[in-house]
Amino acid sequence: MIANAQIETAAYEVMKKAAIDIPEDYLGGVKRMIDLETGDLSSFVLNSMVENWEAASEDRRPMCADTGLPRYFVKVGNEAAVEGGFCAVEQALRSATARATHDVPLRPNRVHPLWRTEHNNNVGINAPEIEWSFEPDADWIDITTVHKGGLFGTDYRMLFPGDGIDGIKRFFLDTLIAFGKRGLACQPAIVGVGIGGSKDICMTLGKQACCLRVVGDENPDPRIAALERELTELGNNIGMGPMGFVGKSMVVDCHIEVGYTHTGGMPVSVHTFCLSSRRATARVHADGGIAYRTDPQWFTPYMRRETIAWPSSERALDSVG
Amino acid sequence: MAEQRTRLRQRRLSLPASAEAIAELAPGDVVYLTGVVYTAREGVYQRIVVDREPLPMSDIAAISNANFHCSPAAAPDDRGGYTIGGVTATASFRFSKYMAEWLDLTGTRIVIGKGGMSAADYQNVMAPRGAVYLTTVGYGTGALLGRGVKGVEAVHWLDELGIAQAMWFFRVENFGPFIVDSDVAGNSLFQSEGERVNEGIEALYAGLKPPALARYGETDDRREELL
């Protein structure tokens with residue numbers, strides 16, 4: 001049985017870590033871009049960001065004051081048992097959000113969309129978002145938080161099968177150019193592309209692709225991995241760098257996730273995870289131990305399954321008889 | 001703190017900044033500020049510019065002439081003061097409609113924010129009043145800027161507007177880096193850089209056929225900005 005207090009502690013600590021420490025994979029990706037960047041202004045911006053991340057870690061202060069819309073992605077092992085049930089887990093995550101907002105501090109960004117009411121703690125109706133997934137043959141819970149700004153850099157479009165890869169490339173360029181001007185997307189970014197699914201899942205897949213996969217990770221489908229590399233190169237050939245200055249640093253990495261979609265359609269979403277790509281994950285084990293990391297390991301083979309059955313689920317059902 | 005080596009020109013200004021010091025700034029210069037800066041965004045503009053409430057002090061320009069489009073990550077420190085964690089700017093183009101009256105009412109001559117305003121705003125509103133625009137870098141050098149904030153001099157309308165929209169007066173030292181976007185002649189770095197980037201955009205789309213279903217939209221000209 002995993003204690004509720006351990007879940008609250010893990011959820012609080014990942015908020016702190018995400019806000020302050022830039023993930024190593026993203027830092028490495030930006031440092032490689034600095035080596036290739038030739039624009040004076042673009043180089044100055046990238047070097048300033050590296051100094052900023054060092055200052056954040058040294059001072060234990062948030063790397064960016066826009067601590068975004070703090071939210072959670074929770075992966076629950078199929079054999080995990082939690083004290084108080086899953087409603088208690090959600091309460092722990094809301095409590096951790098409020099506590100971290102005061103202590104780190106995070107900016108209390110969350111307001112009612114119409115009345116602009118705020119509770120100064122980033123908690124409210126449907127906030128923080130909590131997305132759930134499951135993992136077979138596991139008795140732990142993974143709690144990931146992502147702090148992502150919310151205003152610029154995302155778009156959705158219903159394309160059709162006949163639009164093909166050309167259509168995806170055009171829409172990808174449109175989004176990066178529209179939001180790249182003046183650097184509204186806070187590039188260079190990890191760009192997530194969702195292709196397929198229903199419209200809402202298309203958005204979700206792209207969002208999760210940019211927020212929950214690390215720089216250097218490739219889609220297991222080799223043809224999709226090739227498209228990821230092609231789109232990365234396309235973005236970096238726009239001629240635009242950070243802040244929309246002349247440069248070549250636009251896309252640190254591109255991640256594509258797909259979902260089976262309507263036979264007549266090819267919905268596409270594009271999302272940019274910014275120069276403060278903040279994510280942190282805690283694994284809370286059945287014995288109460290907590291291990292922290294920066295790779296959410298969200299897209300497991302189980303998440304991307306194509307079949308009806310999954311071997312361990314079948315065995316479990318057989319043993320019930 | 002040691003600043004990085006760069007070919008860009010670096011400038012240090014004391015606040016309130018003199019007209020002469022402001023006139024020396026050129027697009028692309030890197031700037032660090034010492035003195036007092038204050039935050040004001042839509043909540044404050046609504047009160048002062050639209051609702052015509054009085055400013056919280058009689059001679060704000062004597063304290064500072066630098067308006068930062070910022071919401072700090074701030075929290076009460078349980079000792080009656082505030083902890084300022086990270087400090088970053090928010091996108092300024094949304095506030096350009098308030099700028100003419102705001103500059104007149106407050107004597108603001110340095111506007112600091114994210115991403116600048118349109119070249120027309122610089123030529124019609126900012127430059128005629130001797131005001132320049134500095135952009136934050138990145139975006140999101142929140143920790144570097146947070147280091148530059150040495151204390152909170154005052155905060156106004158905290159209860160009414162909340163932490164994000166309140167009017168904060170920060171005492172700052174070597175506060176930066178910022179990059180000069182517009183100068184007193186109304187030249188814009190974002191505009192000139194954008195024009196250079198635009199030269200290559202058409203070629204990117206060569207050979208990519210347009211989608212079957214078009215969309216209503218204000219523009220398909222990708223050289224244009226959407227502000």
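What to note about this one:
- In order along the range B:107-123, phi translates into HN-Hα couplings of x, 4, 10, 10, 10, 10, x, 10, x, x, 10, 6, 4, 5, 4, 5, 6 Hz, rounded to whole numbers, per the Karplus curve 6.51 cos²θ - 1.76 cosθ + 1.60 with θ = phi - 60° and x for Gly and Pro.
- Sorting B:213-220, B:143-150 by their mean Cβ neighbour count within 10 Å, with the most densely packed peptide first, gives B:143-150, B:213-220.
- Semi-axes of the equivalent ellipsoid of the range A:32-126 are 35, 20, 13 Å, computed as sqrt(5λ) over the eigenvalues of the C-alpha gyration tensor in descending order.
- 5 angstrom amide H check on A:VAL252, placed H, neighbours 5+ away: A:ALA189, A:ILE190, A:VAL191
- Percent antiparallel among DSSP beta bridges (both partners in the protein assembly as shown, rounded to 5): 65 percent
- For the range A:265-321 versus the range A:12-37, the spacing of their alpha-carbon centroids is 22 Å.
- The sum of -39500 (n - 2.57) across all DSSP H runs of n ≥ 4, divided by the residue count of chain B, sets its helix-only mean residue ellipticity at 222 nm to -5500 deg cm²/dmol.
- Beta bridge orientation in chain B: antiparallel %, DSSP, nearest 5: 60 percent
- Take each residue in A:157-165, count the other chain C-beta atoms within 10 Å of its C-beta, and the mean is 3.
- Nearest-ten-degree value, helix B:189-198 long axis tilted from longest Cα axis of chain B: 20 degrees
- Look at the stretch A:47-58: the mean tally of other chain Cβ atoms within 10 Å of its residues' Cβ atoms is 6.
- Tail beyond 13 Å, pair distance distribution of the range B:91-160 (Cα, percent): 71 percent
- The range B:10-204 - Kirkwood radius from inverse mean 1/r over Cα pairs (Å): 16.9 Å
- Residues with amide H under 5 Å from that of B:VAL172, placed H, sequence gap 5 or more: B:GLY35, B:VAL36, B:VAL37, B:LYS150
- A cut-off under 14 angstrom between Cβ atoms defines the neighbours of B:PRO128, and their net charge, with Lys, Arg +1 and Asp, Glu -1, is -2.
- The range A:82-235 - Kirkwood radius from inverse mean 1/r over Cα pairs (Å): 18.3 Å
- The range A:151-273 - share of DSSP beta bridges that are antiparallel (%, nearest 5): 60 percent
- Distant-in-sequence amide H partners of B:ARG9 (H built 1.01 Å from N, under 5 Å): B:VAL30
- Whole-Hz ³J(HN,Hα) from phi, Karplus 6.51 cos²θ - 1.76 cosθ + 1.60, for the range A:208-224, glycine and proline x: 5, 4, 7, 8, 10, 10, 8, 4, x, 6, 10, 5, x, 7, x, 6, 6
- Helix B:96-106 axis, angle to chain B major axis (alpha carbon atoms, nearest 10°): 30 degrees
- Pairs of C-alpha atoms in the range B:15-105 farther apart than 18 Å represent 57 percent of all such pairs.
- Stretching A:ARG315 away from A:ARG60 to a fully extended chain increases their span by 87.0 nm, per 0.36 nm per residue minus the current alpha-carbon distance.
- Stokes-Einstein translational diffusion, the protein assembly as shown - Kirkwood Rh over all Cα pairs, 1.002 mPa s, 20 °C, in µm²/s: 88 µm²/s
- Cα centroid separation, the range B:117-178 to the range A:147-165 (Å): 32 Å
- Here the Karplus curve 6.51 cos²θ - 1.76 cosθ + 1.60, taken at θ = phi - 60°, turns the phi angles of the range A:152-157 into couplings of 10, x, 10, 8, 10, 8 Hz, with x standing for Gly and Pro.
- Secondary-structure-derived ellipticity at 222 nm for chain A, considering helices only, amounts to -13000 deg cm²/dmol, per-run term -39500 (n - 2.57) for DSSP H runs with n ≥ 4.
- Along its three principal directions, the equivalent ellipsoid of chain A from the Cα gyration tensor extends over semi-axes of 31, 26, 18 Å, largest first.
- Percent of C-alpha pairs per 10 Å bin, the range A:151-273, short to long: 16, 50, 30, 4, 0
- Scattering curve values for the range B:152-227, log₁₀ I(q)/I(0), Debye with Cα scatterers, q = 0.15, 0.17, 0.27 Å⁻¹: -0.84, -0.89, -1.23
- Each 10 Å bin from zero up to the one holding the largest Cα-Cα distance in the range B:89-217 carries the following percent of pairs: 11, 31, 32, 16, 9, 2.
- Euclidean distance of C-alpha centroids, the range B:38-75 and the range A:74-89, integer Å: 47 Å
Where a number appears in this text, it was derived from the coordinates with a stated rule and is not lab data. Please read these numbers as outputs of a predicted model, since none were measured by experiment. A quick note on method: Cβ atoms are made from the backbone with ideal geometry, for glycine too, and the neighbour counts reach across all protein chains shown.
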